[in-house]
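The values are calculated or read from the model by the stated rules, or taken from the named source; none is laboratory data. Note that the structure is predicted; figures quoted are calculated from it, not measured. Note that each Cβ is placed from the backbone with ideal geometry, even for glycine, and that neighbours are counted across all protein chains shown. Surface accessibility is based on the protein's heavy atoms, side chains included, excluding ligands, DNA and RNA. Shrake-Rupley method; radii C 1.70, N 1.55, O 1.52, S 1.80 Å.
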Amino acid sequence: MAFGQDLVGAVTSQLLVGLSRAMILFVVSAGLSFVLGVLRVPNIAHGSLYMIGAFAAFTITALFGQALPGFWLALILAPLAVAVVGLILERALLSHLYQREHLMLILFTFGIMLILNDLVKIGWGAEYRSIVPPDNLTGSLTIGDLPLPRYNLFLLIVGPIVAVAMWLFVNRTRIGKISRAAAVDREMVGVLGINVSWVFAAAFVIGCFLAGLGGALIAPTTSITLGMDRTVIMDTFLIVTIGGLGNIWGALIGSLIFGLTQSLGLLLWPQFAVVFPYAAVVLVLLARPKGLLRSVW
Amino acid sequence: MLEVQGIHTFYGLSHILFGVSLQVNPGEVVCLLGRNGAGKTTTMRSIIGLTAPARGRILFRDEDVTGQPPYRLARRGIGYVPDDRRIFADLTVAENLEIAERSTNKESGRWDKERVSELFPVLGEKRSRKGGHLSGGEQKMLAIGRALMGNPDLILLDEPMEGLAPLMVRSLEEQILRLKATGLTVLLSEQNVVSAMRISDRSYIIDNGQICYHGTVKELQANEEVRKKYLQV
Ligand SMILES: Nc1ncnc2c1ncn2[C@@H]1O[C@H](COP(=O)(O)OP(=O)(O)O)[C@@H](O)[C@H]1O
Ligand SMILES: [Mg+2]
């Protein structure tokens, strides 16, 4: 009996961990996928923008206090700061390169990643940083006998909000509709009198905002450090690939697969937990090489 | 309204247009006739800026617009309906029209979704259908409606009759004439010579990237030799 309860408890808390991890992965991969879909740019620097989001959250909470209003400000200002970085990158560099082939774009954004990493090292140094969320998001909420970490529950709310916001943006706003059109036929969008260049800038900025938001969201749960961009860029690229390139819902499903296989794998076979998501990716791609949902490519 | 002066256009290294010149006056319907591969589409693409000519000039309302990007030309008042329609397949009919909507300071005759549906009722009926799910003929209408949403003064129609059933051809002719009656200027490329001659005021014939004949439709109708030589009719 007690054993059964322990198991239920362990599974539930791992589920919650997996789901909340999936939500952060979703926020980041939605941005990556959106940029990939609309601009056709595989942005290797996306992970670095996420890292900048986390460091920016650290600095903002350091300035305004860990509790109120620091954390909430960080949640808004850090993604905005990353969005500004994105706007500069897009206008100054990327906007001149859209005609290039994908390999060039990969190499180029890889270069941007290296530069951003060095800038982070110069700006924030190589030490580990951390922040704590405000009091009402720390500790656990006990439901039944189960302690559920409040911050994880908070992430479960944020993820769907971002998903719905993205859906509304893409389907209900003019610029969202234009970006869907530009994803498929940018030349024809230009013929309609729309300066596609600014549509791309907007799409890239939104992608960067999401990267920054993901970084700010993960900041209280991990140590903020150089190198945190590496795993996230790999994971989110795999997520976007199994979900279907450019498909926001695919990014959601891919993130859930990733987050849940990892956390439940921890229960099944702790030493190999990290392998589970990658095994899932391989299985998905064997079954559906173009991803689960429709790719816009 | 539109003056094309001796343009030479290339696709990469292949030289396609050799000094094409033509002129379209306000309120006219002018057709550009020629067989497959003659250079009609390339001429249209050169005018709207999709493949800028390497030499020659394009004047729109007496201003040199050569080499301007398509979005600038569209904003100046040129609408373009490509031969392959290029509907945004994932967007609904209504969305296809909405994204093309552009404000204008023209007093009368502003195009909106309702007015487009009056011209092409089927687009109103299928407004929430995905563009990719329309028939070829419906996509043509949508492509024309989409171009109209930008409130152009000049519309370039690239082979609008191609692939349409005879009855549809007739009704599209009528709709083009209705557009002309609103004051819209039309440059039309066609292989369907009979249909084009019914609605046009003047015609140009293009062959191997060169304009080899121009005159009024009446003159062309009288000139059997030219029709036989270039148009096989
Ligand atoms: N993208 C392209 N690249 C190279 N050659 C092309 C391209 N498009 C068309 N052409 C060539 O240009 C010539 C004119 O084509 P086009 O303007 O499409 O003729 P039309 O519209 O009168 O049928 C043809 O010989 C065609 O093969
Ligand atoms: Mg053609």
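Would you be able to say whether some residue in region B:136-156 is within 14 Å of another protein chain (Cβ to nearest Cβ), more than 16 Å from ligand 1 (Cβ to nearest atom), in contact (Cβ under 8 Å) with a residue 24 or more places away in the chain and among the polar types (S, T, N, Q)? For region B:136-156, residues within 14 Å of another protein chain (Cβ to nearest Cβ), more than 16 Å from ligand 1 (Cβ to nearest atom), in contact (Cβ under 8 Å) with a residue 24 or more places away in the chain and among the polar types (S, T, N, Q): present. Residues satisfying the criterion are present in region B:97-106 (criterion: acidic (D, E) and away from ligand 1 (no atom under 11 Å from the Cβ)). For B:R86, the requirement of being on the phi < 0 side of the Ramachandran plot, open to solvent by 40 Å² or more (accessible area, probe 1.4 Å) and within 14 Å of another protein chain (Cβ to nearest Cβ) is not met.
Report yes if A:G139 is surrounded by fewer than 21 Cβ atoms within 10 Å (Cβ to Cβ) and either of a type in the set (A, V, I, L, M, F, W, C) or away from chain B (no Cβ under 14 Å) (or both), otherwise no. Spelling it out, A:G139 is indeed surrounded by fewer than 21 Cβ atoms within 10 Å (Cβ to Cβ) and either of a type in the set (A, V, I, L, M, F, W, C) or away from chain B (no Cβ under 14 Å) (or both). Among the residues in region A:198-210, are any within 30 Å of A:S140 (Cα to Cα) and more than 9 Å from chain B (Cβ to nearest Cβ)? Within region A:198-210 (the criterion being within 30 Å of A:S140 (Cα to Cα) and more than 9 Å from chain B (Cβ to nearest Cβ)), the answer is yes, since at least one residue qualifies. Only residues that are open to solvent by 20 Å² or more (accessible area, probe 1.4 Å), touching a residue at least 40 places away in the same chain (Cβ under 8 Å) and assigned to a helix (DSSP H, G or I) were counted in region A:108-136, giving 5. Considering only residues that are at the interface with chain B (Cβ under 7 Å from one of its Cβ atoms) and assigned to a helix (DSSP H, G or I), which ones fall in region A:173-195? Within region A:173-195, A:R174, A:K177, A:I178, A:R180, A:A181, A:V184, A:E187, A:M188, A:G190, A:V191 qualify.
Take the residues of region A:242-253 that are in contact with a Leu (Cβ under 7 Å, 6 or more places away or on another chain) and part of a helix (DSSP H, G or I): which is surrounded by the fewest Cβ atoms within 10 Å (Cβ to Cβ)? Here the residue is A:W249.
For B:M161, the test of being without any contact (Cβ under 8 Å) to a residue 40 or more places away in the chain, within 13 Å of ligand 2 (Cβ to nearest atom) and of a type outside the set (V, I, T) is passed. The set of residues from region B:182-226 being among the hydroxyl-bearing types (S, T, Y), touching a residue at least 60 places away in the same chain (Cβ under 8 Å), in contact with a strand residue (DSSP E or B) (Cβ under 9 Å, 6 or more places away or on another chain) and more than 16 Å from ligand 1 (Cβ to nearest atom) comprises B:T185, B:S200.
One line per residue, one yes/no per condition, for (1) within 14 Å of chain A (Cβ to nearest Cβ); (2) surrounded by fewer than 22 Cβ atoms within 10 Å (Cβ to Cβ):
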| residue | (1), (2) |
| --- | --- |
| B:V24 | no, no |
| B:L32 | no, no |
| B:M44 | yes, no |
| B:T66 | no, yes |
| B:R76 | yes, yes |
| B:E98 | yes, yes |
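Across region A:210-232, which residue is farthest from the chain's Cα centre (by Cα) among those that are surrounded by fewer than 23 Cβ atoms within 10 Å (Cβ to Cβ) and in a helix (DSSP H, G or I)? It comes out as A:T221.
Among the residues of region A:255-272, is any assigned to a loop (DSSP other than H, G, I, E, B), in contact (Cβ under 8 Å) with a residue 12 or more places away in the chain and not small (G, A, S)?
No, region A:255-272 contains no residue that is assigned to a loop (DSSP other than H, G, I, E, B), in contact (Cβ under 8 Å) with a residue 12 or more places away in the chain and not small (G, A, S).
Could you say whether any residue in region B:3-16 is within 12 Å of ligand 1 (Cβ to nearest atom), farther than 18 Å from B:E162 by Cβ, within 14 Å of another protein chain (Cβ to nearest Cβ) and buried (at least 20 other Cβ atoms within 10 Å of the Cβ)? Among the residues of region B:3-16, not one is within 12 Å of ligand 1 (Cβ to nearest atom), farther than 18 Å from B:E162 by Cβ, within 14 Å of another protein chain (Cβ to nearest Cβ) and buried (at least 20 other Cβ atoms within 10 Å of the Cβ), which makes the answer no. On the stretch given as region B:185-195, residues that are aliphatic (A, V, I, L, M) and at pLDDT 95 or above total 3.
Any residue at all in region B:46-64 that is within 14 Å of another protein chain (Cβ to nearest Cβ) and either open to solvent by 60 Å² or more (accessible area, probe 1.4 Å) or near ligand 1 (Cβ under 10 Å from one of its atoms) (or both)? Yes, the conditions are met somewhere in region B:46-64.
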